[in-house]
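Data first, discussion second: the structure below is written as structure tokens.
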Amino acid sequence: MRFHMKSGSEDNDIVATATAEHIRKFVFSSGSPAERLEIKIPELLQGAYSFYTWPCAPVLAHFLWERRQTLAGKRILELGSGTALPGILAAKCRAQVVLTDNCILPKSLAHIRKSCLANQLQPGVDIDVVGLSWGLLLNSVFRLPPLDLIIAADCFYDPSVFEDIVVTVAFLLERNAGAKFIFTYQERSADWSIEALLKKWKLQALPISMDDIGKESGVDLLEFMGGHTIHLLEITRAENGGTINSI
């Protein structure tokens, strides 16, 4: 797995601080000069997986940005938020956002809060940060508010957690009629698939075209991908034995 640190655009760069932490800037814009959003993400270069902004996150963030007019008032939960770029972007676009990560990793949750504060979002006021455990229906899951959309960037990184994620998503979709799970997925092995799990938990997956993502902001997604193959998919509850596509 490779971490693409530096994009070709000066708008998406990394600013060093006095420690091993860096602040990575992501800029989202449109044809109108008035529509420009800069998000600052703290990253720990010697930290664990959740302290980096991996290639899937900016891809999902640009997808959301290009639908920003529909985000206002939407109730969105991000699974495995990590540095929380997509969720923070949604909150800056006036969505009601809950950021989540593993409840037994307090440093990861603290880092999410740090990312929020770096973007003038006060946890517990402007945005919520909650600890969850995939596959375990603990009290924190039942206390979640109603949801319109669930998002995730690169959660399917290890086959050992695939079913835990799918179980959690299936539960949330069942509790929130009409909700969708939209996520980016980095292809790491042709042998990895969640097709059987989707069928088992009565879910269906459909690919979303990525052809135009980033064009409005004038960015080349290939720079973010860093040579990786990334897919964008939507999962919903399967109705009447709907078609299931594998990933």
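Within the range 135-152, how many residues turn out to be over 19 Å from GLN96 (Cβ atoms) and either part of a loop (DSSP other than H, G, I, E, B) or open to solvent by less than 30 Å² (accessible area, probe 1.4 Å) (or both)?
4
Return the pair list, or none, for Cβ contacts closer than 9 Å from residues in the range 133-147 that are farther than 16 Å from GLU78 by Cα to residues that are buried (at least 17 other Cβ atoms within 10 Å of the Cβ) and not hydrophobic (A, V, I, L, M, F, W, C), at least 6 apart or on different chains.
Going by the 9 Å Cβ cut-off, the qualifying pairs are LEU136/THR168; LEU137/THR168.
So in the range 154-185, with the set limited to residues that are outside any helix (DSSP H, G or I) and in contact with a Phe, Trp or Tyr (Cβ under 7 Å, 6 or more places away or on another chain), which one is farthest from GLY135 (Cα to Cα)?
TYR185
On the basis of being within 23 Å of SER217 (Cα to Cα) and either in contact with a His (Cβ under 9 Å, 6 or more places away or on another chain) or among the basic types (Lys, Arg) (or both), does PRO33 make the cut?
It is false that PRO33 is within 23 Å of SER217 (Cα to Cα) and either in contact with a His (Cβ under 9 Å, 6 or more places away or on another chain) or among the basic types (Lys, Arg) (or both).
Give me a count of the residues in the range 166-208 that are open to solvent by 10 Å² or more (accessible area, probe 1.4 Å) and under 18 Å from PRO55 (Cβ atoms).
Residues meeting the conditions: 7.
Are any residues in the range 21-71 open to solvent by 40 Å² or more (accessible area, probe 1.4 Å) and of a type in the set (A, V, I, L, M), and if so, which ones?
If the condition is that a residue be open to solvent by 40 Å² or more (accessible area, probe 1.4 Å) and of a type in the set (A, V, I, L, M), then ALA34, LEU44, LEU45, ALA48 are the ones that fit.
From the list LEU173, LEU221, which one is in contact with a His (Cβ under 9 Å, 6 or more places away or on another chain) and hydrophobic (A, V, I, L, M, F, W, C)?
LEU221
Do we find that LEU79 is open to solvent by less than 60 Å² (accessible area, probe 1.4 Å) and at pLDDT 90 or above in this structure?
yes
Can you name the condition, by its number, that LEU105 falls short on among (1) open to solvent by 50 Å² or more (accessible area, probe 1.4 Å); (2) in contact (Cβ under 8 Å) with a residue 40 or more places away in the chain; (3) within 30 Å of SER32 (Cα to Cα)?
(3)
The values are calculated or read from the model by the stated rules, or taken from the named source; none is laboratory data. If you're wondering where the values come from, they're calculated on a predicted model, not measured in any experiment. We place every Cβ from the backbone using ideal geometry, glycine too, and count neighbours over all the protein chains shown. What goes into the accessible areas is simple: the full protein's heavy atoms, side chains included, and nothing from ligands, DNA or RNA. Shrake-Rupley method; radii C 1.70, N 1.55, O 1.52, S 1.80 Å.
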